[in-house]
Amino acid sequence: MLVDKHTGETLSRVEKPVYEVIEPAVQKMLSSEQYHRGLLNTLENVDSDVYRLVTQEYDRQQNTLQLIAAENQCSRAVLAALGSVVQNKTTEGFVGSRFHGGCEVVDCLEMLAISRAKEAFGAKYANVQPHSGTSANQIVLTAILDKGDRILSLAMDQGGHVSHGAPVALAGRIYEIESYRVRPDSFLLDYEDIRERALRFRPKLIICGTTAYSRIIDFARFRAIADEVGAYLMADVSHISGLISAGVHPSPVDCAHFTTTSTYKPGGPRGGLILMGRDFDQPFQVGNKTIPLWERIEKTTFPGFQGTPYLNNIAAKAVFFKEMLSTEYKDRQVKIVENAKVLAEEFVRRGYDILTGGTENHLLLANVANFHRGLTGLTAQKSLEDCGIIVNMNRLPYDPQNARITSGMRIGTPIVTRNGMRAPEMRIIAQLVDRVLMRVEIVSDREYRLDPAFREEIREQIHSLCSRFPMQ
Ligand SMILES: *Cc1c(COP(=O)(O)O)cnc(C)c1O
């Protein structure tokens, strides 16, 4: 018999606790392998419209030539991690200070991603949570700057990124921006001019790193300028982080206070990464408290700037950072640059105006207006696209054309190299691009005509070329 502890009354309602017995499953439980296998078949059964479009995009990527310098092609292992049940997990904060239960597995994934990122870049600190390259930049800016503080960065029309302070973007509206430029004669960064501007403008942050620069960036020189004026230095190496991890381009990790990158450009899942080198634990003043710089970055990531991390994305980043450490990846970075050099030489030989005369990284910029009177970046991009060659128009420094037309074309070699193309194929590509641009009839800055039979002929050749180099 049970008695109420407080009143002494006899309780007859419940004499014996009854627990529900959980019956074993009637429906067979799937192992993780069975659950994830055949994901695309499931999609086909559930939503044939999206399935068809996904399939079409695969065919497009396989059968046309991918030469956009900002694109890359991740591995199937990365895709598998992205499309896994890890996507279902929600948490906030960082390992060791999470706000939800059930994090034991995702904690391991995030720690793995962090340790591999640190190894791949020789960094002392890595933050794998930024949702994108833009978020990574915005987190750093939010962490160290106050409203109205000054940033010195490369102008957007010179190859700077919108997130570096373009008036249309958030940073451009919150901070005071001064731009530096490349030299009008050589299109190279002018470090003496950058130094003079820094001395005059006294920025709190200097940003280096670009979307369209084919030469080596001297990060040590940038750091010397930053130190001279007492500024922080952020190196946004989105385009060249793969080359940096492989030692094909000098590393900014110990020169800059912060190194940021998108993770899809070097060939991983979409997302961002913040790295820190020797300054990672520099003291940072918050009110009357002093915390290390890396902690300031974490507290700004969450709750300062983002919400929950994309944990499936972090799993995929972990896979990618392991790939980065492989010999195959490192060798490929060397080949990417070799291929870009061959491509640039071929274009120069054919009379194209290649900015700076060539390249030392994965991309080249061509002034198409100087090659063929009346041609614009827009008509070059469109006519090449008609023939299965995918490039992007790009505004050039001091470009007389506006951003939607441009005089430039940007070409990159990460994807064609990934699929195994080498120097002989680069020569074929230059020849096919040249044939199209020689043949296109200019109607206006935006319009052109291309003979349909010629277009089909080039498309078929591109198709055959690509079929010899299947997507890896
Ligand atoms: C691509 C790029 C970014 C933006 O990365 P997202 O992940 O697309 O936001 C930022 N900075 C530079 C220099 C870039 O090239």
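Quick notes on this one:
- Among the residues of the range 122-168, those identified as surrounded by 18 or more Cβ atoms within 10 Å (Cβ to Cβ), within 18 Å of Gly277 (Cβ to Cβ) and either more than 16 Å from the chain's Cα centre (by Cα) or within 16 Å of the ligand (Cβ to nearest atom) (or both) are Ala123, Tyr125, Asn127, Val128, Pro130, Ala136, Asn137, Ile139, Val140, Ala143, Ile144.
- Screening Glu295 against (1) assigned to a helix (DSSP H, G or I); (2) closer than 30 Å to Gly420 by Cα leaves a single unmet condition, (2).
- Of Ala166, Ala171, all but one fail to be part of a loop (DSSP other than H, G, I, E, B) and closer than 23 Å to Asn402 by Cα; the exception is Ala166.
Quick grid of which residues meet (1) within 16 Å of the ligand (Cβ to nearest atom); (2) in contact with a strand residue (DSSP E or B) (Cβ under 8 Å, 6 or more places away or on another chain); (3) of a type in the set (A, V, I, L, M, F, W, C); (4) farther than 30 Å from Arg76 by Cβ:
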| site | (1), (2), (3), (4) |
| --- | --- |
| Asp185 | no, no, no, yes |
| Leu189 | yes, yes, yes, yes |
| Ile206 | yes, yes, yes, yes |
| Phe219 | yes, yes, yes, yes |
| Asp227 | no, no, no, yes |
| Leu273 | yes, yes, yes, no |
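- Glu346 meets each of the listed conditions (1) in contact with a Lys or Arg (Cβ under 7 Å, 6 or more places away or on another chain); (2) closer than 21 Å to Thr211 by Cα apart from (2).
- Selection status of Gly304, in contact (Cβ under 8 Å) with a residue 24 or more places away in the chain, on the phi > 0 side of the Ramachandran plot and not aliphatic (A, V, I, L, M): no
- A search for C-beta distances below 7 Å between a residue of the range 195-221 that is farther than 12 Å from Leu233 by Cα and any residue that is of a type in the set (D, E, K, R) and surrounded by 23 or more Cβ atoms within 10 Å (Cβ to Cβ), counting only pairs 6+ apart in sequence or on different chains, returns Ala212/Arg410.
- For the range 86-111, a tally of residues being in a helix (DSSP H, G or I), aliphatic (A, V, I, L, M) and either modelled with pLDDT under 95 or under 13 Å from Gln129 (Cα atoms) (or both) returns 3.
- Pair list, Cβ < 8 Å and 6+ apart or interchain, from the range 265-286 residues that are under 20 Å from Cys255 (Cα atoms) to residues that are within 16 Å of the ligand (Cβ to nearest atom) and among the charged types (D, E, K, R): Leu273/Lys317
Yes/no per residue for (1) within 17 Å of the chain's Cα centre (by Cα); (2) at pLDDT below 95; (3) among the small types (Gly, Ala, Ser):
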| position | (1), (2), (3) |
| --- | --- |
| Ile206 | no, no, no |
| Arg221 | no, no, no |
| Pro266 | yes, no, no |
| Gly277 | no, no, yes |
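- Residue check, Asp227 over 29 Å from Thr413 (Cα atoms), in a loop (DSSP other than H, G, I, E, B) and at pLDDT 95 or above: no
- Some residue of the range 308-319 being in the same structural domain as Ile114 (by TED's automatic domain parsing), among the charged types (D, E, K, R) and crowded, with 20+ Cβ neighbours inside 10 Å: yes
- The set of residues in the range 358-393 being out of contact with any strand residue (DSSP E or B) (no Cβ under 7 Å at 6 or more places or on another chain), closer than 19 Å to Val342 by Cα and crowded, with 23+ Cβ neighbours inside 10 Å consists of Thr359, Asn361.
- Restricting the range 252-267 to residues that are away from the ligand (no atom under 11 Å from the Cβ) and small (Gly, Ala, Ser), the residue that is farthest from Leu293 (Cα to Cα): Gly267
- A residue that is under 18 Å from Ser163 (Cβ atoms) and polar (S, T, N, Q) cannot be found anywhere in the range 183-202.
- When the residues of the range 332-343 are filtered to those that are out of contact with any His (no Cβ under 7 Å at 6 or more places or on another chain) and touching a residue at least 60 places away in the same chain (Cβ under 8 Å), the one that is nearest to Leu432 (Cα to Cα) is Leu343.
- Of residues in the range 407-424 being under 22 Å from the mean Cα position of the chain (by Cα) and farther than 9 Å from Leu67 by Cβ, the one surrounded by the fewest Cβ atoms within 10 Å (Cβ to Cβ): Gly420
- Test: Glu360 is part of a helix (DSSP H, G or I) and in the same structural domain as Met438 (by TED's automatic domain parsing): no
The values are calculated or read from the model by the stated rules, or taken from the named source; none is laboratory data. Keep in mind the model is a prediction, meaning the values are calculated, not measured. Counting neighbours? That spans all protein chains shown, and the Cβs are built from the backbone with ideal geometry, glycine included.
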